[in-house]
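Trainee: Below you will find the structure I want to go over with you.
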Amino acid sequence: MSIPVASPVVPRLLPGYWPASLAPARLAIIDRETPFLAFDPDIVAAQLMRFRSALPGVSVHYAMKCNGDETVLRRLHEQGAGFEIASVGELRRLLELGVHAEDVLFSNPVKPPAAIAHARAAGVWRFSFDSERELSKIAAEAPGAAVYLRLRVDDSDSVFPLSRKFGANSAEGLRGLLRARELGLHPYGLTFHVGSQCTRPATWARAVAVAAQLMERLAEHGIVLNMLNLGGGFPAHYGGAVPSISSIGTAISEALEDHLPYQPGLIAAEPGRYLVAESGVLVATVLGRAVRDGQNWLYLDVGAYNGLMETLQTGQTWEFPLWTSRSGHGGGPLESFTVTGPSCDSSDTMFHDVRLPASLDEGDRIYIASAGAYTLSYASTFNGFPLPAAYPIDEVDG
């Protein structure tokens, strides 16, 4: 579904990926006010199919925090995917779409008591935890619920490590699941997260091995788990090379066969970025340009605070593939630009030293590919600037 960009406009990066259905020439004829995200739900469905092919038998629970657009959620629901939530607000949206609460995993390890009670009343029956304090809340608000431990694993091979905020070590996890049984809860499973945009298949294999060791220790205490949840972290294509989903699937499948002391009834996963990132292109307009201390500055109508927060999180090194309305059309030589957003905050700057056509000017458009993940869901109206609209490509094409 994705094809390489023939001439990337950021030479310091490896070639990016651009879906044929969202080619810049096709987006150029869309007469909508920018910024907007054009996306192709068929790509989401195709990515889901690839994921299932690479990890047969693994139950997919989409991490909806990644992109909660209704069209995306509907397409995944139609394709039989389950969902993972972090809040009651996300649960409400799913219920409005006809998703059964019984198919939802509440994987936020620390939840308000009221959220636990609300979710349980709606039909959610599986809750994650990573501390005994959280177990006490679950036992009080959802007696008899199934609980699964968030296990801390190595996430050093990811762009966004997550282990500092959540996760118990094996000793803590053993005590926690034994305590869950004492509280009348069902010790249901284990989950882990190797970090967002993980770049090494072996990281999942190591995590499975850690989980397997804990499963063995639990079995000695009479606890046999029903679920092993592989979490998220499955990478999407941006500007650099990433492992294929098939190579990740092979590493996981071999680890499951080699390390698990028994086969849980459910092997689950919570992909987000992999399913949706490449399905969207963010379209922006140049508001102005300036020269400051000899450096070209380009100002767009979309910035870090209303769609491109991941550029700040990575120190302006996030490798979004870029194209412009002047690229490949007599735009002339390339020059180095600092690309910044529309707000009055100086930190609202997305890219440093990117090579773009020197002729770029007010009114020209910038196309930012692989923008289907963590753009709309992070966006705010800071400084009064609007959220990017979202349009399925078939609704605006031509």
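Trainee: Of these, E319, E310, E335, E395, which one is among the charged types (D, E, K, R) and closer than 18 Å to N67 by Cα?
Mentor: Values: E319 fails: closer than 18 Å to N67 by Cα; E335 fails: closer than 18 Å to N67 by Cα; E395 fails: closer than 18 Å to N67 by Cα.
The unique qualifying residue is E310.
Trainee: Here's something else I'd like to know. Can you name the number of the only condition in (1) crowded, with 23+ Cβ neighbours inside 10 Å; (2) in contact (Cβ under 8 Å) with a residue 60 or more places away in the chain that S246 fails?
Mentor: Only one criterion is unmet by S246, namely (1).
Trainee: Do we find a residue being surrounded by fewer than 20 Cβ atoms within 10 Å (Cβ to Cβ) and touching a strand residue (DSSP E or B) at 6+ places or on another chain (Cβ under 6 Å) anywhere in segment 249-265? Please lay out each step first, then the result.
Mentor: Within segment 249-265, the first condition is being surrounded by fewer than 20 Cβ atoms within 10 Å (Cβ to Cβ), and the residues that meet it are 250-251, 253-254, 257-265.
Narrowing further to those that are touching a strand residue (DSSP E or B) at 6+ places or on another chain (Cβ under 6 Å): 264.
Scanning segment 249-265, I find at least one residue that is surrounded by fewer than 20 Cβ atoms within 10 Å (Cβ to Cβ) and touching a strand residue (DSSP E or B) at 6+ places or on another chain (Cβ under 6 Å), so the answer is yes.
Conditions tested, residue by residue: (1) farther than 21 Å from N306 by Cα; (2) under 18 Å from the mean Cα position of the chain (by Cα); (3) touching a residue at least 12 places away in the same chain (Cβ under 8 Å).
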residue	(1), (2), (3)
P24	yes, no, yes
P35	no, no, yes
F39	no, yes, yes
V44	yes, yes, yes
S59	yes, yes, yes
C66	no, yes, yes
I85	yes, yes, yes
L91	yes, yes, yes
L94	yes, yes, yes
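Trainee: Next question, about the same structure. Can you name the residue in segment 1-36 that is out of contact with any strand residue (DSSP E or B) (no Cβ under 8 Å at 6 or more places or on another chain), within 13 Å of P321 (Cβ to Cβ) and of a type in the set (A, V, I, L, M, F, W, C) and, of all such residues, is modelled with the highest pLDDT?
Mentor: So the residue we want is A23.
Trainee: Mind telling me which of the residues E102, E84, E90 ends up being modelled with pLDDT of 95 or more and either assigned to a strand (DSSP E or B) or of a type in the set (S, T, Y) (or both)?
Mentor: Unique residue meeting the criteria: E84.
Trainee: Right, here's the next one. Restricted to segment 132-155, and to residues that are closer than 24 Å to T203 by Cα and either in a loop (DSSP other than H, G, I, E, B) or among the acidic types (D, E) (or both), which residue is modelled with the lowest pLDDT? First the steps, then the outcome.
Mentor: Start the filter on segment 132-155 by keeping residues that are closer than 24 Å to T203 by Cα, which leaves 148-155.
Cutting the leftovers down to either in a loop (DSSP other than H, G, I, E, B) or among the acidic types (D, E) (or both) gives us 152-155.
Numbers: R152: 93, V153: 91, D154: 82, D155: 79.
Checking each candidate, the answer is D155.
Trainee: Do any residues in segment 193-221 that are farther than 22 Å from P109 by Cα have Cβ atoms under 9 Å from those of residues that are basic (K, R), where the two are at least six apart or on different chains, and which pairs are they?
Mentor: Matching pairs, first to second residue: H221/R181.
Trainee: Just for segment 280-300: of the residues that are of a type in the set (V, I, T) and in contact (Cβ under 8 Å) with a residue 12 or more places away in the chain, which one is surrounded by the fewest Cβ atoms within 10 Å (Cβ to Cβ)?
Mentor: Across segment 280-300, the extreme among qualifying residues is T285.
Trainee: Could you tell me which residue of segment 198-217 is nearest to F166 (Cα to Cα), considering only residues that are in contact with a Phe, Trp or Tyr (Cβ under 8 Å, 6 or more places away or on another chain) and surrounded by fewer than 24 Cβ atoms within 10 Å (Cβ to Cβ)?
Mentor: V210
Trainee: Now, a different point. Restricting to segment 267-285, name every residue that is part of a strand (DSSP E or B) and either among the acidic types (D, E) or under 20 Å from W204 (Cβ atoms) (or both).
Mentor: Let us first name the residues in segment 267-285 that are part of a strand (DSSP E or B), namely 267-269, 280-285.
Once the filter is applied, which keeps residues that are part of a strand (DSSP E or B) and either among the acidic types (D, E) or under 20 Å from W204 (Cβ atoms) (or both), segment 267-285 yields I267, A268, A269.
Trainee: State which residue is nearest to the chain's Cα centre (by Cα) when the search covers only segment 348-378 and only residues that are among the small types (G, A, S) and within 20 Å of A236 (Cα to Cα).
Mentor: The initial filter retains those residues of segment 348-378 that are among the small types (G, A, S), namely 358-359, 363, 369-373, 377.
Now drop any that are not within 20 Å of A236 (Cα to Cα), which leaves 369-373, 377.
On the way: A369: 15, S370: 11, A371: 11, G372: 9, A373: 6, S377: 10 Å.
Top of the filtered list is A373.
Trainee: Does A290 satisfy the condition of being touching a helix residue (DSSP H, G or I) at 6+ places or on another chain (Cβ under 6 Å), modelled with pLDDT of 95 or more and either at positive phi or not in a loop (DSSP other than H, G, I, E, B) (or both)?
Mentor: Details: touching a helix residue (DSSP H, G or I) at 6+ places or on another chain (Cβ under 6 Å): no; modelled with pLDDT of 95 or more: yes; either at positive phi or not in a loop (DSSP other than H, G, I, E, B) (or both): yes.
Here the answer is no, as A290 does not meet what is asked.
Trainee: If you don't mind, there's one more thing I want to ask. Which count do you get for residues in segment 223-241 that are buried (at least 19 other Cβ atoms within 10 Å of the Cβ) and either under 17 Å from W318 (Cα atoms) or without any contact (Cβ under 8 Å) to a residue 12 or more places away in the chain (or both)?
Mentor: Residues that pass the stated criteria total 7.
Trainee: Out of T311, T317, report the one residue that is farther than 19 Å from P19 by Cα, without any contact (Cβ under 8 Å) to a residue 12 or more places away in the chain, not aromatic (F, W, Y) and not in a strand (DSSP E or B).
Mentor: When all the criteria are applied, what remains is T317.
Trainee: Residue under question is G233, and the condition is that it be outside any strand (DSSP E or B), within 25 Å of the chain's Cα centre (by Cα) and in the same structural domain as M49 (by TED's automatic domain parsing); does it hold?
Mentor: Details: outside any strand (DSSP E or B): yes; within 25 Å of the chain's Cα centre (by Cα): yes; in the same structural domain as M49 (by TED's automatic domain parsing): yes.
Here the answer is yes, as G233 does meet what is asked.
Trainee: Condition first: assigned to a loop (DSSP other than H, G, I, E, B), in contact (Cβ under 8 Å) with a residue 12 or more places away in the chain and farther than 24 Å from Q263 by Cβ. Can you find one or more residues in segment 175-186 that meet it?
Mentor: Taking segment 175-186 first, the residues assigned to a loop (DSSP other than H, G, I, E, B) are 183-185.
Add one more test, that the residue is in contact (Cβ under 8 Å) with a residue 12 or more places away in the chain, and what stays is 183-185.
Now restrict to residues that are farther than 24 Å from Q263 by Cβ: 183-184.
Yes, the conditions are met somewhere in segment 175-186.
Trainee: Then there's this: Taking segment 37-87 as the search range and keeping residues that are among the β-branched types (V, I, T) and buried (at least 22 other Cβ atoms within 10 Å of the Cβ), which one is farthest from S370 (Cα to Cα)? Explain how you work it out, then say what you get.
Mentor: Taking segment 37-87 as the starting set, the residues that turn out to be among the β-branched types (V, I, T) are 43-44, 58, 60, 71-72, 85.
Keeping just the survivors that are buried (at least 22 other Cβ atoms within 10 Å of the Cβ) gives 43-44, 72, 85.
Details: I43: 11, V44: 12, V72: 15, I85: 23 Å.
Restricting to residues being among the β-branched types (V, I, T) and buried (at least 22 other Cβ atoms within 10 Å of the Cβ), the top hit is I85.
Trainee: It is to be established whether one or more residues within segment 61-68 are at pLDDT below 95, of a type in the set (S, T, N, Q) and part of a loop (DSSP other than H, G, I, E, B).
Mentor: no
Trainee: Then there is this: Please tell me if S128 is assigned to a loop (DSSP other than H, G, I, E, B) and either of a type outside the set (A, V, I, L, M, F, W, C) or over 18 Å from A211 (Cα atoms) (or both).
Mentor: Against the criterion (assigned to a loop (DSSP other than H, G, I, E, B) and either of a type outside the set (A, V, I, L, M, F, W, C) or over 18 Å from A211 (Cα atoms) (or both)), S128 does not qualify.
The values are calculated or read from the model by the stated rules, or taken from the named source; none is laboratory data. None of the values given here were measured: they were computed from a predicted structure. Please note: Cβ atoms are built from the backbone with ideal geometry, for glycine as well, and neighbour counts cover all protein chains shown.
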